[in-house]
Amino acid sequence: MSIHLYYHPYSRAAGTVWALEEVGVPYELEVIDIARGEQKGPALIAKNPMGKLPTLVDGETVVTEAAAIALYLADRYAPGRLAPALDDPRRGTYLRWSVFAPSVVEPAVMAAEAGWEVKEVSAGWGNRDAMLAAAESAVAGRDFVLGDAFSMADVVFGGTLRFMAGFRRIELTPFLAAYVERLDARPASQRADAKNLAMRKELGLR
């Protein structure tokens, strides 16, 4: 049975397509019309009570949250290739920057855009400038998060930066811009981009 991804090209599920392409396992996409609120329908709510995308079904296993899905795929289908082994010292760095994406990058950008008034000492994301400085430190002087080796952390962490920059929600530093260019050059990311673009066209979206 192939992996089933509940998906829309203008959701975080677009990044999950890249993760799936990197892993290289068969998968099926089921488009959910988020404009009509289909993600809040009973069928998807039964699998993901948040009613959000991506939602991935792998046999009897249901995984939600984009970062969790990517890490799950790497551990199950590409251990040692896209995910460091459990006893690999690089595992800490791998997890650190993977979790940094949804817990720091996204809220820091949203807080700045919305003008949230929060105490930076209490908010895990600090502020946008601190977030960008920290993000740069992850890849300064190296090709990828783990150095020369590409991993699923780059799909999660780098993919988030790539998405934010693509929609002009952040301005990348030269180091981060060069990093994103390396990610853009990956055949799997190019295949995912092509699939997402084709689906947007099929759905009549810009």
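Can you find even one residue in segment 102-116 that is surrounded by 13 or more Cβ atoms within 10 Å (Cβ to Cβ), at pLDDT 95 or above and among the hydroxyl-bearing types (Ser, Thr, Tyr)? Yes - at least one qualifying residue is present in segment 102-116. Selection of first residues in segment 65-76 that are β-branched (Val, Ile, Thr) and of second residues that are at pLDDT 95 or above and in a helix (DSSP H, G or I), restricted to Cβ pairs under 6 Å at least 6 apart or on distinct chains, gives the following pairs, ordered by first then second residue: Ile69/Thr16. Tell me, which residue of segment 145-177 that is part of a loop (DSSP other than H, G, I, E, B) and basic (Lys, Arg) is surrounded by the fewest Cβ atoms within 10 Å (Cβ to Cβ)? For segment 145-177, the residue satisfying everything is Arg168. How many residues are within 18 Å of Phe157 (Cβ to Cβ) and either touching a residue at least 40 places away in the same chain (Cβ under 8 Å) or in contact with a Gly (Cβ under 9 Å, 6 or more places away or on another chain) (or both) if we restrict to segment 104-130? Summing the residues that are within 18 Å of Phe157 (Cβ to Cβ) and either touching a residue at least 40 places away in the same chain (Cβ under 8 Å) or in contact with a Gly (Cβ under 9 Å, 6 or more places away or on another chain) (or both) in segment 104-130 gives 7. Tell me, which helices (runs of 4 or more DSSP H) wholly within segment 62-129 include 1 or more residues that are touching a strand residue (DSSP E or B) at 6+ places or on another chain (Cβ under 9 Å)? It comes to 66-77, 91-100.
None of Glu38, Glu21 is buried (at least 16 other Cβ atoms within 10 Å of the Cβ), outside the structural domain of Asp143 (by TED's automatic domain parsing) and free of Cβ contacts under 8 Å to residues at least 12 places away in the same chain except Glu38.
The values are calculated or read from the model by the stated rules, or taken from the named source; none is laboratory data. None of these values were measured; they are calculated from a predicted model. All Cβ positions, glycine included, derive from the backbone under ideal geometry; neighbour counts span all protein chains shown.
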